[in-house]
Amino acid sequence: MKKNKQKNETPEKFEQLMPERNQSKYTLRLYITGTTNRSILAITNLKKICEEYLEGQYDLEVIDLYKNPGLAKGDQIIAAPTLIKELPLPFRRIIGDMSNKENVLLGLDIREVKEK
């Protein structure tokens, strides 16, 4: 009995299955702790950034760790607020209240195009 199975997949087939980066939606998860000032600030700042740079191209799930403490273990959350960017790859984790716009943009792999 052989466990080594060959698949008929090629790198070209893989590339066809992968969506183009500019067409893919961002999948974001923001972990917060209740209605603290930092949690509210993180939600407000992140929504502003997403609306400005990712309008219509993101799904944001806000998870309150006070209501769902078990969810922290799956994404290994050790501090809050924490933003998890699942898609598009690479996976990223941003900790803080999202007030440093440049760090958030860097973490999301978004570059602002500046007109000259």
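What follows is calculated from the coordinates using simple rules that are stated; it is not laboratory data. Computed from a prediction, not measured in an experiment: that's the story for all the values here. Note that each Cβ is placed from the backbone with ideal geometry, even for glycine, and that neighbours are counted across all protein chains shown.
Okay, here's what the table says:
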item	result
Charge sum, other residues only, whose C-beta stays under 11 Å from L83's C-beta, Lys/Arg counted +1 and Asp/Glu -1	0
19 Å Cα cut-off, lysine pairs counted over the range 25-107 (separation 8 or more, or different chains)	9
The range 25-107, relative contact order [Cα under 8 Å, separation at least 6], %	43 percent
Binned Cα-Cα distance frequencies in the range 25-107 - 5 Å width, integer %	3, 15, 29, 28, 17, 7, 0
Charge dipole (debye, nearest 20) of the range 36-113; +1 at Cβ of Lys and Arg, -1 at Cβ of Asp and Glu	280 debye
